[in-house]
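Below is one structure, written out as structure tokens; comments come after it.
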Amino acid sequence: MRFLLSLTLLLVPGAALAQRAPVSQAAACERLASIALPNASITLAQLVNAGAFAVPVNTAGRGGGGSSALAGTLGPVPDVPGRVTANTAGLGLGYNGGRAIPPFGALPAFCRVAASLRPSAASDIRMEMWLPIAGWNGHFRGTRPNGLGGVINYNAMAVGLSDGFAVASTDTGHQGGDTAWMQVADKINDFAGRAMHETTVAGKALTAAYYGAAPKYAYMIECGGGSNAALHEVQKYPADYNGIVVGGHAAHLTRQIFGQVWLWMAAHPGGGASVLPAAKLSVIHDAVLAQCDLLDGVKDGLLENPTRCTFDPKEIECRTGDGPNCLTSAQVEAARKIYAGPTNPRTQERVWSPLFRGSELDWSFFTEAAAPFGITTSTLRDAILKDPSWDFRTTPIDFDRDVAKADRSGIARVNASNADISAYVRRGGKLILSGGWNNALVPAGAVLDYFTRIDTTIGHDATERAVRLYMVPGMIECNGGPGTDTFDMLGVMRRWIERDQAPKEVIASRVEHGRTVRTRPLCPYPQVATYKGKGSTDEATNFVCK
């Protein structure tokens, strides 16, 4: 408290003058460079005029310019929802009401601060803080990049700034997309939540110093890889945030990578060519809908609860040879393995969630790939097997010994899988979890399992008081797929925190070519949207959660 007070006394004059002439605004911002922060060295503090921000050309010093370590450029929101790109996944556009990332040229004026954070000798955490010159909403928002990090998430910062937040991003403690940092224990610790925590502490201090008042509430909304940092905050640093929204649930890396390798191997038996061409994915999907679409009482191309669907690919096996509307025996076997998910061959323990019926059109990311997802193989090679010569084709994965080795490895610290969030709940923190039933990248079972374990660990009453889970029929990762993938979970969370309005149903939309073609309620799990029997099935008012 004394630290924050001293910063306030030092910089309140600058903050007050920030409401006056541009020269005073610049001076107030630049004065942030002179303050001392624990474990921090401020490298930049400057006013950015409205529309003047450009992603740094040399990103080595302060992170990159995309929402993901896998993509460093901005991309448009898909006109019609489809496969999520690396750019949109880290931001979770569906979770933000489908709003596009604002062009940097449209951003309002802000004070930009960059810093290096070193909580340990080997740490090299880069962060940025953006503070609106005018229109601050009084709150703080933290964010991190998608995937394995390595850049500053300028995309999410642009969204947060446009919404009036003081917003901070970390690069997660390393630069670039390789996995060499996994050899360094301190860098693993930084990725495993410490980088986000240190960024949050420094960001809140800078906010208090600049405005002369601490932020009233702090929020995170992350999907995909960012869910890891968000859940580490809930589990390890319960005082940092008031409300956190998590989608995609890529939070158990050491099991997720085995799940993704399993999917690729199922589609590429023996490491050869895929046995599941795109046309056969449509055949399977059509057969699933033919059998299960009406289980929820509505024929709409969606499965409200895919766990009720028991379709067996054997039912569409070709009588002889191959054909355009049936599956070969090899294709039946591949689809069955995908629906079953990886298991330990010795104990029969489930290693990771299977994919659910209805998700077939999203299988192409592994059926058409020449190799398993890059993060999976590099993490196995560098952090778990620790063998630079390892090749998945010549040394097959052992889903018994290799999984056990991963669970014992130092990299297991990055898993944000602790279900005991009681400290966060006791402080009044709220958590919204969400997932797309059609997600093939991070199967829906991952978030279902975590929610169930929370309920068992902290008790049903505490879970009901502080946690919600919303499953989205038809949605894939953070947006996309045939479902109603557009909704404003941050708005829902803010009403819960700021007005004590506990969320019930959340109205979601499907938008095509800029036009809303369907609305549907998302229901708090385990409830599902149930048609009342009258009116258009494209209107949410004709459904009830039960």
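No lab work stands behind these numbers, since they all come straight from the coordinates. All values reported here derive from a predicted model rather than from experimental measurement. Note that each Cβ is placed from the backbone with ideal geometry, even for glycine, and that neighbours are counted across all protein chains shown.
Taking amide H as placed 1.01 Å from N in the peptide plane, the amide H of THR530 sits under 5 Å from that of VAL544, CYS545, LYS546, each at least 5 places away or on another chain. If R0 is 25 Å, the Cβ-Cβ spacing of ILE507 and ARG453 corresponds to a FRET efficiency of close to 0.30. When only alpha carbons are used to place a centre, the range 196-260 and the range 401-473 end up 14 Å from one another.
The order of the peptides 420-432, 180-192 by mean Cβ neighbours within 10 Å, most packed first, is 180-192, 420-432. Counted residue by residue at 0.36 nm each, then reduced by the alpha carbon distance between them, the extension gain from ALA239 to ARG393 reaches 50.9 nm. Taking amide hydrogens as placed 1.01 Å from N in the peptide plane, the amide H of LEU469 sits under 5 Å from those of LEU433, TYR525, each at least 5 positions away in sequence or on another chain.
Couplings for the range 319-327, taken from phi via the Karplus curve 6.51 cos²θ - 1.76 cosθ + 1.60 with θ = phi - 60°, read 5, 9, x, 9, x, x, 10, 8, 10 Hz in order; Gly and Pro are left as x.
Taking every C-alpha pair closer than 8 Å and separated by at least 6 residues, the mean separation divided by the residue count of the chain gives a relative contact order of 15 percent. Indicate the gyration tensor shape class of the range 303-360 (rounded, prolate or oblate), computed on the Cα atoms with a ≥ b ≥ c the square roots of the eigenvalues: a/c under 1.5 is rounded; otherwise a/b larger than b/c is prolate and the rest oblate. Taking the square roots of the gyration eigenvalues as a ≥ b ≥ c, the range 303-360 is oblate. Listed by chain and number, the lysines placed with their C-alpha closer than 25 angstrom to that of LYS236 are LYS187, LYS204, LYS216, LYS405, LYS430; residues fewer than eight positions away on the same chain are left out. Under the classification rounded if a/c is under 1.5, otherwise prolate if a/b is larger than b/c and oblate if not, where does the range 361-480 fall, given a ≥ b ≥ c as square roots of the Cα gyration tensor eigenvalues? It comes out oblate by the Cα gyration axes. Ordering PRO503, ASN305, THR367 by Cα displacement along the dipole of the chain toward the positive end leaves PRO503 in first place; charges were set at the Cβ atoms of Lys, Arg (+1) and Asp, Glu (-1). Within a straight-line Cα-Cα reach of under 20 Å, LYS337 can be paired with the following lysines, leaving aside sequence neighbours fewer than 8 residues apart in one chain: LYS280, LYS314. Peptide packing: for 32-40, 463-471, the average count of neighbouring Cβ atoms within 10 Å per residue gives the ranking 463-471, 32-40, highest mean first.
Shape of the chain from the C-alpha gyration tensor: prolate (a/c of 1.5 or more and a/b above b/c, with a ≥ b ≥ c the square roots of its eigenvalues).
Between helix 445-458 and the chain there is an angle of about 60 degrees, using the helix long axis and the longest principal axis of the Cα atoms. Couplings for the range 509-518, taken from phi via the Karplus curve 6.51 cos²θ - 1.76 cosθ + 1.60 with θ = phi - 60°, read 10, 10, 10, 10, 6, x, 10, 6, 10, 7 Hz in order; Gly and Pro are left as x. Bridge orientation summary for the chain: considering DSSP beta bridges with both residues in this region, about 60 percent are antiparallel.
In the chain, the DSSP-assigned H stretches of four residues or longer account for a calculated mean residue ellipticity at 222 nm of -9000 deg cm²/dmol, using -39500 (n - 2.57) per stretch and the full residue count as denominator. Expressed as an acute angle from 0 to 90° and rounded to the nearest 10, what is the orientation of the C-alpha long axis of helix 2-17 relative to the principal long axis of the chain? In the chain, helix 2-17 runs at an angle near 80 degrees to the longest axis. Couplings for the range 405-417, taken from phi via the Karplus curve 6.51 cos²θ - 1.76 cosθ + 1.60 with θ = phi - 60°, read 5, 5, 5, 8, 6, x, 5, 4, 5, 6, 5, 9, 10 Hz in order; Gly and Pro are left as x. Available extension along the chain between TYR531 and ARG350 is 61.7 nm, counting 0.36 nm per residue and deducting the alpha carbon span.
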